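Bear in mind that the values in this text are calculations on the coordinates, not laboratory data. Just so you know, these numbers come straight off a predicted model, no measurement behind them. Neighbour counts run over all protein chains shown; Cβ positions are idealised from the backbone, glycine included.
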Amino acid sequence: MAVGWHRPTKLVIDTQAITENVCNEVKRMPETTELFAVVKANGYGHGAVQAAKAAKKGGATGFCVAILDEAIELRQAGITDPILILSVVDISYIDLLLEYDLSVTVTTQEWLEQAIKHLTHIETQAPLKIHIKVDTGMGRIGFMNAQTTKQAVELTQSATCLIWEGLFTHFSTADEVDISYFNKQEQRFQDIISELKQLPKYVHVSNSATALWHPDNVGNMIRLGIAMYGLNPSGNLLPEPYPLKPALSLVSTLIQVKKLPKGEGIGYGNTYTTSSDEWIGTVPIGYADGWLRHLQGFSVLVNGIKCEIVGRICMDQCMIRLPEKVAVGTRVTLIGDDNGETITMQMVAEKLDTIHYEVACTFSERMPREYK
Ligand SMILES: *Cc1c(COP(=O)(O)O)cnc(C)c1O
């Protein structure tokens, strides 16, 4: 996709904020615990390579991604630290895992057996590093009980082509007030661990929410995602134990400003009619940028004043009602601070009836990312 370098709309990423968020978490962790920065989905829309570099500055010693291609992107950018792929990779790409020195998640005995077959075949010298995933109640991927986990561990340990590097699970409710289901998952994980004779280098259970609100028993590695970008994993349900600094702003400028008389229609479907003389500004951002149509009626900031988005949002543009005449070229802040007013990703998420995770990932490739 063509990136809009020659249009004033852009995501501005404060890499210093990412560094600070990671640094603050590292300071809180037990000394023997490592922090792996989760930079999947293009670093939650912030840019994977830049986010990874900023996280490393803050003390991250490894990275997590969701898919093989994201891991390769980091390697091709010159990142040499450990990288764990959190999801399943098809056996046919096993040579790439070795070539790029990646650690991979294992969730079934069949995958292990096939991996051993393949690896014996390609007679490589370096063994493949694996993390065994236990499903303690997420219902997504992983071994379901102690018996199957033990079998996987035994097979791994008997195979010279494999290194058992990690054991992990994932919590589904760590960002909630009620901790009963969290406790149940944790107990299941502990029960499985207690049946194993040995543990690997990394035993890890913490996403951001677990790290923030369940800081005991974090194991010796945490997988910090949303919090490193400065967003509260719970939305605004649970208080942050330390201030998180949002790294992302979204800005543009007005490309046209006009005064319309009472009774004029705005946008497709003519869903908004001016109720008096109104100053209407046009902003060059639309749903093709991830600024979704459901944001009609939401507000953006111009000179620190909230201005409503009026009429339907188009593919490439949207219109706002200004309190007065404002010069073309004036900055529009869609997410971020402007003269003491702030629009947060959480506010956008609430308007869209979703979570800020989804908002961050929805910004399209068309929007350039500027790093400061
Ligand atoms: C995405 C992901 C994380 C990071 O989650 P956050 O809530 O963003 O911290 C951690 N672990 C796994 C398995 C994930 O898929």
Once you put a point 7 Å from the Cα of Lys117 and another 7 Å from the Cα of Thr32, both along the Cβ direction, what distance in nm separates them? 4.0 nm
Between Asp191 and Asp95, with labels modelled 7 Å along Cα→Cβ, what's the label distance in nm to one decimal, could you check? 4.4 nm
For Tyr371, enumerate residues with amide H under 5 Å from its amide H, sequence gap 5+ or separate chain, H modeled in the peptide plane. Ile13
At a Cα cut-off below 17 Å, give the lysines reachable from Lys57, other chains included and same-chain residues fewer than 8 away excluded. Lys27, Lys245, Lys372
What's the extension gain from Thr362 to Glu110 if we count 0.36 nm per residue and subtract their Cα-Cα distance? 87.2 nm
Rounded to whole Å, give me the distance from the Cα center of the stretch 244-273 to that of the stretch 308-360. 8 Å
Trypsin sites (Lys or Arg not before Pro) restricted to DSSP loop in the stretch 306-362 with at most 15 other C-beta within 10 Å: Lys325
Taking 0.36 nm per residue of separation and subtracting the Cα-Cα distance, what length does fully extending Asp316 through Asp178 add? 45.4 nm
Along the Cα-to-Cβ line of Lys201, 7 Å from the Cα, sits a label point; which residues in the stretch 87-126 have backbone N less than 12 Å from it? 102-104
What FRET efficiency would be calculated for the residue pair Asn236, Ala288, taking the C-beta separation as r and a Förster radius of 30 Å, to the nearest 0.05? 0.55
Between the stretch 1-68 and the stretch 95-170, how far is it from one alpha carbon centroid to the other, in angstrom? 27 Å
Can you compute 3J(HN,Hα) from phi for each residue in the stretch 103-113, using the Karplus curve 6.51 cos²θ - 1.76 cosθ + 1.60 with θ = phi - 60°, rounded to whole Hz and x for Gly and Pro? 9, 10, 7, 10, 10, 9, 5, 4, 4, 4, 4
Relative contact order for the chain: what is it in percent, counting Cα pairs under 8 Å that are at least 6 residues apart? 18 percent
Counting only GluC sites (Glu not before Pro) that are in a DSSP loop and have at most 11 other C-beta atoms within 10 Å, tell me the longest site-free stretch of the chain. 124-323
Hey, what does the equivalent ellipsoid look like for the stretch 15-229, semi-axes from the Cα gyration tensor as sqrt of 5 times each eigenvalue, largest first, whole Å? 26, 23, 14
Given H placed 1.01 Å from N in the peptide plane, which residues other than close sequence neighbours of Ile163 have an amide H under 5 Å from its amide H? Leu128, Lys129, Ile130
I'd like the Karplus ³J(HN,Hα) series for the stretch 202-208: coefficients 6.51, -1.76, 1.60, θ = phi - 60°, whole numbers in Hz, and an x wherever there's a Gly or Pro. 10, 10, 9, 10, 9, 7, 4
Residue by residue, what Karplus-based ³J(HN,Hα) values in Hz, rounded to whole numbers, does the stretch 294-301 have, using 6.51, -1.76 and 1.60 with θ = phi - 60° and x for Gly and Pro? 5, 7, 4, x, 6, 10, 10, 9
Suppose the chain between Thr354 and Val328 were pulled fully straight at 0.36 nm per residue; how much longer would it get relative to their current alpha carbon spacing? 6.1 nm
